[in-house]
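The values are calculated or read from the model by the stated rules, or taken from the named source; none is laboratory data. On a predicted model such as this, the values are computed, not experimentally measured, just so you know. Here Cβ is always computed from backbone atoms with ideal geometry, including for glycine, and neighbour counts include all displayed protein chains. Just the protein is used for accessible areas: all its heavy atoms, side chains included, with ligands, DNA and RNA removed. Shrake-Rupley method; radii C 1.70, N 1.55, O 1.52, S 1.80 Å.
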Amino acid sequence: MKVKSALLAVVAIGALVLSGCSTSDDNGDSGGGDTGGGGDSNVNASDLRIDVITHGNPGDTFWDVVKSGAEKAGDDLGVDLRYQAGTTDPAKQSTLIDNAVADGTDGLVVSMANPDGVENSVRAAVDAGIPVITINSGIDDWQDFGAITHVGQSETIAGQAAGEQLNDAGLKNVVCVIQEAGNVGLEQRCEGAADTFDGSMENLQVDNTDLSGSEATIESKLQDSSIDGVLTLGGDISGQAVKAVEGSGSSAQIGTFDLNADVAQNIIDGKLLFAVDQQPYVQGYLGVTGIYLKLINGNDIGGGQPVYSGPAIINKDNAADVLTYAKNGTR
C-alpha cells in the first residue's frame, strides 16, 4: 500500500510539473497573476536558483545518480541548478547550506544523514524564507525542521523488505554491512531487516572511503563458515562483498541496497540475490521539481507526508529491464 501511494504521489507531481510548464511563454514566464502562498507566477524560471546540497563521498555512484536526476530537472525547468556534495562531515555540509543562503539561493534540496549536525542550518534557511525539501535521509526530522516534504524511502520499511527477501532465500545467519559510521538511515536499514529476518543477524562496520579495506574486513568475517548471507547497504560495497565471498571461498549469498549497472549485472549473473532500489534519480528530480513548484505556484507537495521513491525490489526477474537505465546513470 505504501509503494502504491508513492507511485500515485509521483504521478501527481508529474502532472503538476506538466501543467506548470504548459502555461509558460517562450521566456519561461507563467501566465496569470500572483498565486500567493510563497509562489510568484510572473517569475522567470531562468532567474530562479535552486541549490542541492547532499552528503556522500566523491565518486560514490549512488550520488552520481541523484545528481543526474537533479540536473535533469534543472534543465527541464530552465532554472539555475547548483549541485554540491562530496562530504560526509555534517559541519562542512552545514557550511555549504549557510553559504548558499548567504549567496541568495531561492530554494534548497538537502539530504540529512546526520540530522542533528545540519539542523541549525536547515532551520536558519527556513527562518530566512527559503523553501527546503529534504531527500534521501532525514525522513524522521524534515517536518520538525520546517521542510516542505521529504522525498525518499522509509529505511525501516525498506529494511523489512530486505529481511523478507533473505527469508525467501532460506538464509539463517547474515551479516549486515554498514559502510558509513553515524548514518542513521543505514542503521535503520539493518534494524528493519533484523525485524523481519527469521534468522540471526549482526552488524559489521566498514569504511566506504576504503573499498579494498572494506573487502578485507568482509572476507575476514566470512572465515566463520556459519555465515550464509551478507546484506550490504550500498551498490559499491556490494561489489566488494562479491569479491570477498569469492576470495574467502564462502558460499554465502549476498543481497544489497541501492542499484547501479554493476549491481544489475551481478544480479543477472547470480552473484547477488536482489537489490532494494530507492530510485535516487527520482529523489534528485522530484526534490528540485518540488522547490520549483513552491517558487512559481506556491505548492506544498506531500500533503504533510513524505513522498516515497522506494523501495523497489530488483531481482533476477527484472534486473535485465533496468540494466539499460543503470548503464545510462539514471537507475
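For this structure, a couple of remarks:
- Solvent-accessible area, 1.4 Å probe, carbon plus sulfur percent, for the range 194-241: 39
- Convex hull volume per residue, computed on the Cα atoms of the range 45-200, equals 115 Å³.
- To the nearest ten degrees, helix 280-297 and the longest principal axis of the Cα atoms of the chain are 20 degrees apart.
- Separation between Cα centres of the range 127-145 and the range 62-87, rounded to whole Å: 18
- Annotation for the range 200-235 versus the range 312-331: alpha-carbon center distance of 24 Å.
- Accessible area per residue for the chain is 41 Å², calculated with a 1.4 Å probe on protein heavy atoms, without ligands, DNA or RNA.
- Overall, the accessible surface of the range 117-185 at a probe of 1.4 angstrom is composed of carbon and sulfur to the extent of 41 percent.
- The dipole here belongs to the chain: it is taken about the Cα centre, uses +1 on the Cβ of Lys and Arg and -1 on the Cβ of Asp and Glu, and is about 560 debye.
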